[in-house]
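Structure record follows, encoded as structure tokens.
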Amino acid sequence: MVTFSSISKRYHSGAGLAVDNISFTVADGEFFALLGPNGAGKTTLVKMLLDFVRPTAGTAAINGVASTNPLARRGVGYLAENARVPLHLSGRSYLRRQAELCGMSGARAGEKISEVLETVGMAGKEKSKMKTYSKGMLQRICLAAAMIPGTRLLVLDEPASGLDPLGMRDVRRIMEGLKQKGVTIILNSHMLSEVEKTCDTAAIINKGKIVLKDAISSIVREGESLEDVFVRAIEGPHA
Amino acid sequence: MRNFLNIVKYTVVDIINQKSFFVLLAVSIGFVMLLRGCYSGNYMVNGKSLDSVTVAWHASIIAFHIVAGGVLLIAAILSMNLLSRDRDDGTVQYMLSKPLARITYVSGRAAGIWLVSFAFMFVLHLTIFVITLISAGGAMPGYLAASCLCSLNVLFMVLLVCTMSLFMPDFAAAMVGIGVVAVSFVADSLFHAAQSRLGQALLANHPAGIPGWEMVWPKVCSMQYCAVSLIKGDVFRPLGPVHPALVMGGYVCLAAAGLVFAFQRREI
């Protein structure tokens, strides 16, 4: 279970709050979407969960362990927005490093790497240096890396970024497969149609505050789309 | 501990995978090999001919200082963009999204750079040692131990530049590291020159005390003189009341604490 308790973040004194006193929980096995316009505070929220950024106030925890404790990240996979990779490594070396840092070694690491490569459709291409990969291939290898840890919790920040429509469909299928396995997923995305198809719950954030949070089935009324709900939540009922 | 060793391994592998590293090592070994020419010449001092062992001895000591000083420059260059490169290529994010403490990551990275720089210096010193052994027919006991002692200087440089790179542009961080070492070389060399017979004769009528700042400044050069005293078998006379190894040990702890403290507070 992921918990945010009255969490706030101000990057510089004098600046406004990037995240303003947000509290919510994500239950085990839930597929949770964080939605909002650019600069709403979604990525900051995710970074505080992973202890990349320290909150100004409040706490974040994974399964009751404070995010400042490295053990909270055991079994947590993360795909960053516009993920970058060390291009001098081959896809396999990159994934092997990820596996080793998660405590895997030898045959177990090899099996896990082969499994995630198969899942993201990169099997057979992993021996090339990543500098030869297309943007879509890089995104797939990053997704594979995020799946290496296990995975108890998967935090995906714009996973479909840079992918063509077929790639997006593949990512959706991968996420659905993970959901079936009971993996908790937190998804940051602007792809509202994909979110509507796959997620259980969504929170819409604007200017650092949650403006709407509920099950997708509850917030999307008959005859409208998640996009309509999103626009209404951000711009007001008369938009 | 396992993850610390993994990060050290990745750092070493990443550096030695760069062709430019081996080119630099080959060029450095090539320069060191030129020393062989010194051993075969005829040298006269005050009308007396010097034997090859004496020449080899002095040439090896000079080469020792040049290599130990040069490697500090290489350590500064390797360290200056270590953390910024990791930030730019996403390495820091992929590592710290794992159950890995920041201190493990940053200490592993610094240890990797130190290990490569030290190995670089040791290989060059070993080359000089072997050349002296073959050309002059005499081993220099303590030469390799002296090289190990100088690794403390390398560690100081790596930690200092890494710490500075968290607060300023990479190039400026390297310049700060090189500047600190340069001041140490000038100040310590002047002191050691003043300790020589010629220096004492020249300064006999003008005894000068050691300025306070010089007592507390990092004793990089004094460490090299201390290391050379191992080769020569001399008694080392430190600048100030504290042995340079202790001063440098203190600075290494200080720089390590600064690096860890600054990195813990850094946003990724």
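Derivation of every value follows stated rules applied to the coordinates shown; laboratory data play no part. Every value quoted in this text rests on a predicted model; they were computed, and no experiment measured them. A quick note on method: Cβ atoms are made from the backbone with ideal geometry, for glycine too, and the neighbour counts reach across all protein chains shown.
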For the pair B:T54 and B:K9, what calculated FRET efficiency results from E = 1/(1 + (r/R0)^6), where r is the Cβ-Cβ distance and R0 = 45 Å, to the nearest 0.05?
0.55
Do any of A:K112/A:K181; A:K9/A:K42; A:K42/A:K207; A:K47/A:K135 go past 18 Å between their Cα atoms, and which?
A:K47/A:K135
In whole angstrom, the spacing between the Cα centers of region B:8-23 and region A:26-76 equals 35 Å
12 Å beta-carbon shell around A:A40, net charge (K/R +1, D/E -1):
+2
Kindly write out, for region B:147-158 in residue order, the coupling ³J(HN,Hα) from the Karplus curve 6.51 cos²θ - 1.76 cosθ + 1.60 (θ = phi - 60°), rounded to whole Hz, with x marking Gly and Pro.
4, 4, 4, 5, 5, 5, 4, 5, 4, 4, 4, 4
14 Å beta-carbon shell around A:K207, net charge (K/R +1, D/E -1)
+2
In sequence order, what are the phi-derived ³J(HN,Hα) couplings for region B:235-251 according to the Karplus relation 6.51 cos²θ - 1.76 cosθ + 1.60 with θ = phi - 60°, rounded to whole Hz, with x for glycine and proline?
8, 8, 9, x, 7, x, x, 9, 5, x, 5, 6, 4, 5, x, x, 5
With unit charges on the beta carbon (Lys/Arg positive, Asp/Glu negative), name the residue among A:G167, A:A202, B:V8 whose Cα is farthest towards the positive pole of the charge dipole of the protein assembly as shown.
B:V8
Please give the length that would be gained between A:E176 and A:R54 if that part of the chain were fully extended, namely 0.36 nm times their separation in residues minus their C-alpha to C-alpha distance (nm, one decimal).
40.8 nm
The orientation-averaged projected area of the Cα convex hull of region A:86-151, in nm², is 3.8 nm²
Quick one: if you stick a label point 7 Å off each Cα along the C-beta vector at A:N21 and A:S193, how many nm between them?
3.9 nm
Counting helices only, and only those DSSP H runs with n ≥ 4, report the 222 nm mean residue ellipticity of chain A as the sum of -39,500 (n - 2.57) divided by its residues, in deg cm²/dmol to the nearest 500.
-10500 deg cm²/dmol
Amide H to amide H, which residues 5 or more places from A:V19 or on other chains are under 5 Å from it, using H placed in the peptide plane?
A:K9
